[in-house]
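The following block contains the structure, expressed as structure tokens.
The values are calculated or read from the model by the stated rules, or taken from the named source; none is laboratory data. Everything numeric here is computed off the predicted structure, so don't read it as measured data. No Cβ is skipped: glycine too gets one built from the backbone with ideal geometry, and neighbour counts run over all protein chains shown.
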Amino acid sequence: MQLIAEALRYVARTPALAGLFALLFVAGTFGANFNLVLPLFTRIVLHANADTLGYLFAAQGIGSLVGALTMTFAGAFLLEPRRIVMGALLFAGMELLFVVVPDFTQAILLLLVIGWSFAVYSIGTNTFVQVRAPDRMQGRMVSLYSMLFIGVTPIGNVFAAIVADFLGPAAAVWLGGALTALAGLAVLAFFLTRRD
């Protein structure tokens, strides 16, 4: 616990990391649960089968691969806190478009962009955290990143399941996107008002 407390103190003293970690918590809890809802969306909204679900997951995977390649070739440009947040906002915006309850073709296009933007956002955050943290804090920063990104997903899964049960699977996606967008806008405003 002492190591995690030290990591949190370091993040609190580093505004760029504090903003990115706060957004990571919200995106990991509420925004990253579209995978959980996708099978329900396929069955209930699209009235489709496992083949269609496979195409949807493939679209997201292709987007993620292109996002990873984007970070490989353009990471130096994208590795700036405000640009990282813009990736999260694009991801959240694509989730918000699920409010229109897309058909199969629209869902494929949305998932391509969701996969791309989420990869750019998450890889950008992880890389920025590791580049910005001093050597002695590297392990703690990666642990904190994992805890805030992967460790909170079960909480978000419960949220997504409840929303999907009462409002439908598309609502679970766009509501998670709305919460991520609000957090992203708050963090972006925080970054824009700072002079460092």
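If you scan segment 111-138, which residues turn out to be surrounded by 24 or more Cβ atoms within 10 Å (Cβ to Cβ) and either more than 21 Å from VAL11 (Cα to Cα) or hydroxyl-bearing (Ser, Thr, Tyr) (or both)?
Within segment 111-138, LEU111, ILE114, GLY115, TRP116, SER117, PHE118, VAL120, TYR121, SER122, THR125 meet the criteria.
Inside segment 41-71, can you point out the residues that are surrounded by fewer than 19 Cβ atoms within 10 Å (Cβ to Cβ) and in contact (Cβ under 8 Å) with a residue 60 or more places away in the chain?
ILE44, VAL45, LEU46
Just checking, which of GLY75, GLY93 is modelled with pLDDT under 90, small (Gly, Ala, Ser) and assigned to a helix (DSSP H, G or I)?
Working: GLY93 fails: modelled with pLDDT under 90.
Unique residue meeting the criteria: GLY75.
Out of all the residues in segment 157-173, is one or more under 16 Å from the mean Cα position of the chain (by Cα), crowded, with 21+ Cβ neighbours inside 10 Å, closer than 30 Å to PRO15 by Cβ and at pLDDT 90 or above?
Taking segment 157-173 and keeping what is under 16 Å from the mean Cα position of the chain (by Cα), we get 157, 159-160, 172-173.
Next, only the ones that are crowded, with 21+ Cβ neighbours inside 10 Å stay: 160, 172-173.
Adding the requirement that they be closer than 30 Å to PRO15 by Cβ leaves none.
No - not one qualifying residue is present in segment 157-173.
Report yes if PHE34 is within 24 Å of the chain's Cα centre (by Cα), over 25 Å from PRO134 (Cα atoms) and not in a loop (DSSP other than H, G, I, E, B), otherwise no.
Numbers: within 24 Å of the chain's Cα centre (by Cα): yes; over 25 Å from PRO134 (Cα atoms): yes; not in a loop (DSSP other than H, G, I, E, B): yes.
Taking the combined requirement at face value, the residue satisfies it.
Now for a different question. Restricted to segment 72-99, and to residues that are under 15 Å from the mean Cα position of the chain (by Cα) and free of Cβ contacts under 8 Å to residues at least 60 places away in the same chain, which residue is farthest from ALA18 (Cα to Cα)?
Per the stated criteria, the residue is LEU90.
I would also like to ask the following. Under 23 Å from ILE155 (Cα atoms), touching a residue at least 24 places away in the same chain (Cβ under 8 Å) and surrounded by fewer than 16 Cβ atoms within 10 Å (Cβ to Cβ): does that describe LEU8?
Working: under 23 Å from ILE155 (Cα atoms): yes; touching a residue at least 24 places away in the same chain (Cβ under 8 Å): yes; surrounded by fewer than 16 Cβ atoms within 10 Å (Cβ to Cβ): yes.
Yes: the conditions hold for LEU8.
Any idea which of (1) outside any loop (DSSP other than H, G, I, E, B); (2) more than 21 Å from VAL187 (Cα to Cα); (3) of a type outside the set (Gly, Ala, Ser) is the one VAL26 doesn't satisfy?
Condition not satisfied by VAL26: (2).
Using beta carbons and a limit of 8 Å, which pairs, at least six apart or on different chains, have the first residue in segment 116-131 and more than 13 Å from ARG82 (Cα to Cα) and the second one not in a helix (DSSP H, G or I)?
THR127/LEU79; VAL131/LEU79
Mind checking whether some residue in segment 160-170 is touching a residue at least 40 places away in the same chain (Cβ under 8 Å), farther than 30 Å from HIS47 by Cα and of a type in the set (A, V, I, L, M, F, W, C)?
Going through segment 160-170, the residues touching a residue at least 40 places away in the same chain (Cβ under 8 Å) turn out to be 160-161, 164, 168-170.
Add one more test, that the residue is farther than 30 Å from HIS47 by Cα, and what stays is none.
The answer is no; no qualifying residue exists.
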